[in-house]
Each structure stands twice: as C-alpha cells, then as structure tokens.
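First the structure, in the form of structure tokens, and then the observations on it.
The values are calculated or read from the model by the stated rules, or taken from the named source; none is laboratory data. Note that the coordinates shown come from a computational prediction; the quantities given were computed from them, not determined experimentally. Ideal geometry is used to build each Cβ from the backbone, glycine not excepted, and the neighbour counts take in all protein chains shown.
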Amino acid sequence: MKNKSVRVILSMLLNICIVTVGVFIIYAAGSRAYTFGHNIFDEEAIDTTENARQVEITISDNISAKQLSSMLYQKGLCKDKTIMYFQIMLSDYNKKFVGGTYTLNSGMKPSDMFKVMCTDKGEDN
C-alpha cells in the first residue's frame, strides 16, 4: 500500500514538472514570435529626423530582397537585416525596385525607403 502511494505522488510530481516546462516553452516561443512580428510591422527609423544622416546607395534592377536587406544593413539604414528582409518580402514593393543610385537617410522608415527606390529612377537614370 505504501509503495503505491509513493508511485502516485512521484507520478503527479513528474506530470506537474512536465506541464510547467511545457508552459514555459510555449510562453518563451510566443514572446519571441510577438517581438519578431512587432519589429516587422511596427516600422521604426534608425535615427530621429534631427540626427538623420544621408546615405547613398546603388541598386540594380533585379536586386533580391536578401541582397537589398544586407546592403541596407551594411549602410546603417536598418538595425537587423533579417527583420529588413521580411519587411521587404511582406511589403507591396517586393520585386518592384528600380535600379539606380539613391540618397536615403537614416531617419526614414523602411516603407519610405522602399517607396523611393521603386518610384524614382535614381541619379544614374
């Protein structure tokens, strides 16, 4: 009888531990997913308009989203190239970029940069 009681108690403790770990994993994954989605859809400029710096960027007509996100990251126009990649992929401007040389500033939101690179012909054209 005593052996059975110990087994029941150990079984309950193990189940509680498993449920607790599962809840923690779900919470951590949900928190990271929310932060990632928030960063993608809540666009923010790198600098304020007063502290913005001008950056010249040259792109080709058939530039991929991955290449453009890397280029914008290297020029200091975005904080995270993965976030920028998904912003490009999920925007209406994906695959509509026009090749040329553009002057962007670090005070622009990503959608403003995309708009400039899709509508202007740049300095070269």
Here is a list: Tyr93, Tyr85. Which entry is surrounded by 14 or more Cβ atoms within 10 Å (Cβ to Cβ) and more than 26 Å from Arg32 (Cβ to Cβ)? Tyr93
Considering only the range 38-59, how many residues are in a helix (DSSP H, G or I) and over 22 Å from Ser70 (Cβ atoms)? 1
For the condition outside any helix (DSSP H, G or I) and either at pLDDT 95 or above or among the polar types (S, T, N, Q) (or both), what is the one hit in Asn3, Asn62? Asn62
Take the range 21-79 and flag every residue that is in contact (Cβ under 8 Å) with a residue 40 or more places away in the chain, surrounded by 10 or more Cβ atoms within 10 Å (Cβ to Cβ) and over 25 Å from Met89 (Cβ atoms). Thr49, Asn51, Ala52, Arg53
